[in-house]
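The values are calculated or read from the model by the stated rules, or taken from the named source; none is laboratory data. Since this is a predicted model, take the numbers as computed values, not measurements. Don't worry about glycine lacking a Cβ; one is built from the backbone with ideal geometry, like all the others, and counts go over all protein chains shown. Calculation scope for accessible area: heavy atoms of the full protein, side chains included, ligands and nucleic acids excluded. Shrake-Rupley method; radii C 1.70, N 1.55, O 1.52, S 1.80 Å.
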Amino acid sequence: MLAHVSLSASEFRGVPVRTITIRDNVALRRKPRLRHRVVRRCGYNAGVNSALITLSRLHAALQSGEITPIAAVERHLARANSNVGRNVYIAIDRDRVLRDADEVARLFVGRAKPALYGLPISMKDCFDLQGFVTTAGTRFYAEHNAAAREDSAVAARLKEQGAVIVGKTHLHPLAYGITGENPDYGDETQPRDAKLLTGGSSSGAAASVQEGSAVAGIGTDTGGSVRVPAALCGLAGFRASIELAHARGLWRGGVHLSQSFDTLGWLFRDLSDGPLLASALFGLVIPSGISATAADRGTASSRAVVSIRPAEKVRIGVVSADFVADAEAVVMQRLADWTERLRDAGAEIFTFDASWWREAWGIYAPIQASEAAAIHAAATRGDYSVFEPRIAERLAWGASLPVSEVERFRSLHAVFRGRTDALLREFDFVMSPCSPVARLEAGADHTNARKAILSYTTPMSLAGAPVVTLPATNGAGVQLAAARGADARLLAFAARFGGQDSAG
């Protein structure tokens with residue numbers, strides 16, 4: 001029996017999810033044409049636009065026992081796959097999720113509850129989850145991979161922290177794209193606006209948080225795959241320093257795209273929740289007295305709440321106008337809004353010459369393509385035509401690059417990274433738009449979108465830097481970056497600007 005919950009019905013409104021439980025992977029391998037259809041369907045959820053319970057409030061209710069994990073998870077499941085494509089999740093098993101929630105409750109009876117106790121979390125389908133096939137967003141791997149025999153390190157860490165994994169989310173094929181378009185599982189549209197794509201590659205992670213089937217989603221970020229969908233969907237995002245996931249051993253059971261740039265991160269709704277999520281996944285110690293208190297979160301629209309103590313004067317560098325010359329007016333306005341907000345909070349704002357950031361894309365693309373081709377060569381025997389044409393073309397190009405040429409780009413990468421390191425010693429944080437555009441229309445031709453968007457995000461990818469997406473409800477999110485290893489300080493600073501108006 002479910003415990004009584006004193007949360008309003010509007011916070012958990014939705015329709016039941018109809019679940020198809022996939023149990024016989026042998027049978028699936030005998031019918032490869034059906035095997036990729038692992039998405040569990042539900043009716044379109046008109047209630048997705050209703051108010052969502054905040055992560056902080058749900059966390060408090062679970063920790064106090066006001067609500068049980070199974071009750072919380074059941075109500076979030078009611079929102080699953082609510083976009084018009086009904087493809088937020090590539091794999092979701094309602095019965096299993098509810099059993100997992102019940103197990104979490106029994107596991108921690110009489111014990112201290114961990115940070116993510118009972119919280120419904122989604123996970124990008126490039127990490128193994130025991131009993132499920134890891135597709136990396138492709139029909140090819142759905143048909144050739146066996147079900148995972150054990151959890152990936154990410155899944156194991158989430159469970160250790162008490163999270164309930166709702167399901168495995170949609171992604172741009174191989175995580176090799178920035179739009180969220182996917183010919184095998186359907187393009188990922190935003191649950192709140194069917195005319196818009198979520199962006200990618202962590203497309204389903206963004207959609208799961210936007211629709212409210214998960215309070216946060218695990219994503220990966222190589223060239224911008226957390227930052228861009230977070231920005232376009234009006235969400236907060238956190239991309240960790242590149243060394244952090246490796247140091248914590250979190251890539252075991254995960255599918256890389258490009259080892260030189262891959263890192264992990266979160267997509268979530270409110271900046272004030274970043275420290276909790278990052279400390280739970282990465283074991284970070286967030287500086288005390290910096291993140292907003294529970295009381296602050298309810299009144300964060302007051303700039304006095306997030307004011308910086310005089311002794312903590314923060315220097316923030318903002319990209320120069322020449323770097324963002326191709327940005328839409330709405331993007332520039334949101335950058336100006338965040339600049340004003342940070343200045344009003346006590347930060348010192350400077351403009352720096354970012355013209356050299358334009359070199360980033362030309363360095364990033366060949367290294368990424370070469371590494372991605374090597375990763376997928378064994379499974380495909382070098383025949384990349386098993387993937388959609390644009391990705392196949394990139395992989396074939398990467399495979400054709402001479403070692404000497406790739407090494408030349410690696411040398412340029414080292415120089416660029418050193419220059420960015422110097423910039424991040426000069427400033428505490430640097431700020432720029434996540435994308436030159438605030439929306440990607442579903443069904444439009446986005447052939448040129450990849451280079452245009454990644455030109456904005458790859459500078460920090462080359463640096464391996466941690467980045468927080470400062471959200472905007474209109475899709476024009478802003479990236480705030482810090483030096484490698486300064487993840488905790490970045491998260492603590494960004495958390496000050498959380499609260500009910502986190503997205504402005």
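Structural remarks
- Once all protein chains are placed together, residue 86 keeps about 90 Å² accessible to a 1.4 angstrom probe.
- Full extension of the chain between residue 144 and residue 337 gives 64.6 nm of extra length, using 0.36 nm per residue less the Cα-Cα distance.
- In sequence order, calculated HN-Hα J values of segment 180-189 (Karplus, 6.51, -1.76, 1.60; Hz; x Gly/Pro): x, 7, 8, x, 7, 10, x, 5, 8, 9
- For segment 208-249: rounded, prolate or oblate by the Cα gyration tensor [a/c cutoff 1.5]: oblate
- In a fully extended conformation the segment linking residue 377 and residue 106 would gain 93.1 nm over its present Cα-Cα distance, using 0.36 nm per residue.
- On full extension, the segment bounded by residue 326 and residue 445 gains 41.0 nm, given 0.36 nm per residue less the C-alpha separation.
- Exceeding the 27 Å Cα-Cα cut-off - candidates 124/195; 124/159; 124/451: none
- Surface accessible to a 1.4 Å probe, residue 235 within the full protein complex, Å²: 10 Å²
- Probe 1.4 Å - accessible area at residue 370, Å² to nearest ten: 30 Å²
- For the pair residue 51 and residue 415, label points projected 7 Å from Cα toward Cβ lie 5.6 nm apart.
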